[in-house]
Amino acid sequence: MAKTPAAARDAAALAPFPTRRSWAEPWKVKVVEPLRMTTRKAREKANIDAGFNTFLLRSADVYIDLLTDSGTSAMSDGQWAGMMLGDEAYAGSRNFYNLEATIQKYYGYTYVVPTHQGRGAENLISQILVKPGMYVPGNMYFTTTRLHQELAGGTFVDVIVKEAHDPAADLPFKGNVDLDAFAALIRKVGAKKIPYITIGATVNMAGGQPISMANIKAVHALAKTHGIKVILDATRAVENAWFIQQREPGYARKSVATILREFCGYSDGCTMSGKKDALVNIGGWLAVNDRDVYEEASNLVVVYEGLHTYGGMAGRDMEAMARGIVESVQDDHMRARIGQVQYLGQKLIDWGVPIVRPVGGHAVYLDAKAFYPQLTQDQFPAQTLAAELYEDSGVRAMERGVVSAGRDAKTGKHRYPKLELVRLTIPRRVYTQAHMDVTAESVLAVWQQRARVRGLTMVYEPKYLRFFQARFERL
Ligand code: F0G
């Protein structure tokens, strides 16, 4: 059939969007959860009661909760239906075998040990592979991952590319490993003292930035020549696969699922928090290809989590996670998920608000140092900014700066990270475009009032992972 000029025009307009024209969601809403709107006066009091730490706010006092994307996503009707098929046998639940088969299919590892969440898996792998005096390189630290490596007697060494520490460096793969830095560490301490390298994908503390296929391939090759393992933190690896599809030459026509499988193939195992990509409220796993490591892990898990066929999860939770994994690797899902994050980020960029560039996969990160040049890092700019945002609108965000970085294990001094950020983390399938607009408008209001802001002082500091429970007062 010959095309009319109008039809030809329509076809041309649609050409860049072969399957759909916007990032709109491939789902509709069936159940809603009411939110409470609060007054500024009530939020001022809540801030004081919570010691200016958003982790200590009650969720009932929060309007739009962007604290984390961890365990906060909405499950599908298919996942909820799966919950009714929970086989709550103590041993050998059929849901475990379904989860195991799903992980083998989509991630490609041979052996799976379920855990209650990601840090359970980090504990197992650190205890098995890290011995006192060893070094564990990685593409930037993650709080719980590094702590488990340290508790096992290891020292974490950051080998991420240096651009990752620069919020303004607009590069496609800011999560990449600096191969020279990795090689230099091997030369300095010797390969025998490096049990594995941790690869975060995407890199949470760098702003949700991805690592390229070419880079993980090169990391794997270098590690192999020295007998060093590659352990992936696969928490947001599906989001990472989407960025590879969008940005890396040769991958535009491959599905997210295909890319994920290839990506994991350049590692020897992974730790996983199922609370992110896998669209569940709780759960995680360790997966490995090495039989000996598996045997140790499946024994150790009995001590810390539960039997190796449930590892801290109910049968129904394993079923929901198996189904969530299948949903998470659908291209349409990822396009909408990351599309929403990009929408929020682009709005702030257009308004001139300083954020980490480019916008990452699971969150938009505000550059608190650029908000408050009048504050030193000892006055906790990011902690301050998160408190200001909550007070303005009831939007809850998270500090990712000097408080999160904690103290140096040897000197006991504050670690001063280059990045002093506030993370607006977007749960999956939970908030609407209008919620993103409200959030952006509140960030803009706080940005416009930045000059009058004074910082905070820390009045209580817990020993481990202080950002969760530390308390502050206004200066
Ligand atoms: N690795 C990464 C990259 C993470 O982001 C997290 C958790 C973990 C490991 C630990 O997993 O919480 O299931 O034990 N991140 C959450 C966050 C807490 O808010 O970013 P977990």
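The values are calculated or read from the model by the stated rules, or taken from the named source; none is laboratory data. Quick caveat, the model's predicted, so the values are computed rather than measured. Cβ atoms come from the backbone with ideal geometry, glycine included; neighbour counts cover every protein chain shown. The protein model used for the area step is the full one, side chains on, heavy atoms only, and it has no ligands, DNA or RNA in it. Shrake-Rupley method; radii C 1.70, N 1.55, O 1.52, S 1.80 Å.
Here are the numbers for this structure:
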{"item": "Residue-normalised accessible area of the range 77-328, given per residue in Å² at a 1.4 Å probe", "result": "37"}
{"item": "Overall form of the chain per C-alpha gyration tensor (a/c, 1.5; a/b vs b/c)", "result": "rounded"}
{"item": "For residue 115, residues with placed amide H under 5 Å, excluding near neighbours", "result": "284, 285, 286"}
{"item": "Largest to smallest accessible area among 333, 148 [probe 1.4 Å]", "result": "148, 333"}
{"item": "FRET efficiency for residue 460 and residue 45, using Cβ-Cβ distance with R0 set to 25 Å, rounded to 0.05", "result": "0.85"}
{"item": "Contour minus Cα-Cα distance for residue 165 and residue 326 (0.36 nm per residue)", "result": "54.6 nm"}
{"item": "Among 329, 167, 442 - extreme Cα towards positive end, dipole of the chain, charges at beta-carbon", "result": "167"}
{"item": "Label-reachable residues, the range 322-336, where backbone N falls under 13 Å from a point 7 Å from residue 31's Cα toward its Cβ", "result": "none"}
{"item": "Cα gyration tensor shape of the range 134-258, rounded if a/c is under 1.5, else prolate or oblate by comparing a/b with b/c", "result": "prolate"}
{"item": "Cα shape, the range 77-328, gyration tensor, a/c 1.5 rule", "result": "oblate"}
{"item": "Interchain or long-range residues, amide H under 5 Å from residue 232's placed H", "result": "199, 268, 269, 270, 271"}
{"item": "Antiparallel bridge percentage (DSSP; both residues within the chain; nearest 5)", "result": "65"}
{"item": "Estimated FRET transfer efficiency when R0 is 35 angstrom, pair residue 291-residue 434 (beta carbons, to 0.05)", "result": "0.10"}
{"item": "Separation in nanometres of the label points that stand 7 Å from Cα toward Cβ, at residue 262 and residue 180", "result": "2.8"}
{"item": "Candidate residues 69, 49: accessible-area rank, largest first, probe 1.4 Å", "result": "49, 69"}
